[in-house]
Every structure is written in C-alpha cells, then in structure tokens.
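Peer 1: After the structure tokens below, expect a handful of questions from me.
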Amino acid sequence: MNTVILMWNPSISSYKVEQFEEELAAFGSLDMWYNWSVYDWQNSHEGDRFYLVRVGQGNTGIVMSGYFSSDPYIMDDWSGRNRIVYYQDMEPDVIINSDKVPTLTTAELMANLPGFDWTGGHSGRLLDNELAYKLEDLWETFINEHKEIFQTDHAKTDLF
C-alpha cells in the first residue's frame, strides 16, 4: 500500500473553505463523494492511504485522512487550464476543521518528517515508505492525544 499526500490551498483551489465546511457538516449523515487530483497517478491505486494537507493561509496541517476507493481516472481540469488531470475517489476516515480544532500542523510535519515539502507543491505526491510509516505513527499519536475532539457532541459541528 502506498501513501499519497494531497495538497489543498483554498486560495487557489476550486475547492473552497465554504464547500469543505458544508461537506464536513454532512459527513457521516449522507453518502458523500469526494475526489482529488493526483500528480503521481501512475503509482497510486485503489486502497492506497491518503492525507489531505491544508497549505497556504490559515491553520495549515492535515485536515483529512482515508483511503482511495478507485484507481486514477481522467476528469476535467479543476484549474480550467485544459490539462490532462487524473483524479481518485476518496473514502475519508477522519476530517478535521483546522479553523475550529487542533490538527497536526505543517510545522509539526516539517519538524518530524523532514525531506518532504509539507507547505505546497503538486497535490497527490507519493510519500516514500519510511516517511509513510512515520507519518502513520505521528497521525495515530495525534488522534490518541486529541480524543476529546472526536467526541460525538463536538464531532458533528467541528469534525464530521
């Protein structure tokens, strides 16, 4: 299984913060359909792990994790530049609103997992196996240390 890092910069993305918040509020209650563009599409497959990292302005860090539920496929270019863009369907297991609750920040990612640009670049880049194992451990530790944000009453408005 591979690990793919997806980047989301709301200031340049077609996926805006408002859409993220609307889908976050509905997460778990509706059958949502998420997909994202994947740069290293040749090496990404159904069942691979993904992390969506918010970059740019605001509270940056991991805002979603999960698994791809499809192999890559071509769809319209999200940027409108008529490029060939490959997407994969996503099945999130965690969604966090970094404007409302703590997240694993890009600063923490850079400090603990050097050797990868956590601040931007192409979305959908493959993480090497060593960093992928470290990231999974770091994410699990974060989730365990912040169990209170995953409580049902809090989760409905802030997480999923």
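Peer 1: Can you tell me the Rg and the Dmax, both Å, for the Cα atoms in the range 31-141?
Peer 2: Gyration radius and largest Cα-Cα distance of the range 31-141: 14.0, 41 Å.
Peer 1: TYR86's amide H: which non-local residues (gap 5+, or another chain) put their own amide H closer than 5 Å, with H modeled 1.01 Å from N in plane and none for Pro or chain starts?
Peer 2: VAL38
Peer 1: Right, something else. With +1 assigned to the C-beta of every Lys and Arg and -1 to the C-beta of every Asp and Glu, and no other charges, what is the dipole magnitude of the range 32-84 about the Cα centre in debye, to the nearest 20?
Peer 2: Here the range 32-84 has a charge dipole of around 240 debye.
Peer 1: Sort the range 34-95 into rounded, prolate or oblate with this rule: let a ≥ b ≥ c be the square roots of the eigenvalues of the Cα gyration tensor; rounded if a/c is under 1.5, and if a/c is not under 1.5, prolate when a/b is larger than b/c, oblate otherwise.
Peer 2: Since a/c reaches 1.5 but b/c is at least a/b, the shape of the range 34-95 is classed as oblate.
Peer 1: Still on this structure, I have one more. Taking amide hydrogens as modeled 1.01 Å from N in the peptide plane, which residues meet the under 5 Å criterion relative to ASP71, leaving out close sequence neighbours?
Peer 2: Answer set, sorted by chain and number: GLU46.
Peer 1: If each residue of separation counts as 0.36 nm, what is the full-extension length gain between ILE74 and ASN112 once their alpha-carbon separation is subtracted?
Peer 2: 10.3 nm
Peer 1: HIS45 to ILE84: extension gain in nm, 0.36 nm per residue of separation minus the Cα-Cα distance? Before the final figure, lay out the partial values.
Peer 2: Numbers: separation 39, 0.36 × 39 = 14.04 nm, distance 1.79 nm.
Difference between extended and current length: 12.2 nm.
Peer 1: Can you compute 3J(HN,Hα) from phi for each residue in the range 117-134, using the Karplus curve 6.51 cos²θ - 1.76 cosθ + 1.60 with θ = phi - 60°, rounded to whole Hz and x for Gly and Pro?
Peer 2: Per residue, the Karplus-derived 3J(HN,Hα) values read 7, 8, 9, x, x, 4, 8, x, 9, 6, 9, 5, 4, 4, 5, 5, 5, 5 Hz.
Throughout, read-outs are computed from the coordinates displayed, never taken from laboratory work. Remember, predicted model here, so these are calculated numbers, not experimental data. When we count neighbours, we look across all protein chains shown, and the Cβ atoms used for this are built from the backbone with ideal geometry, even at glycine.
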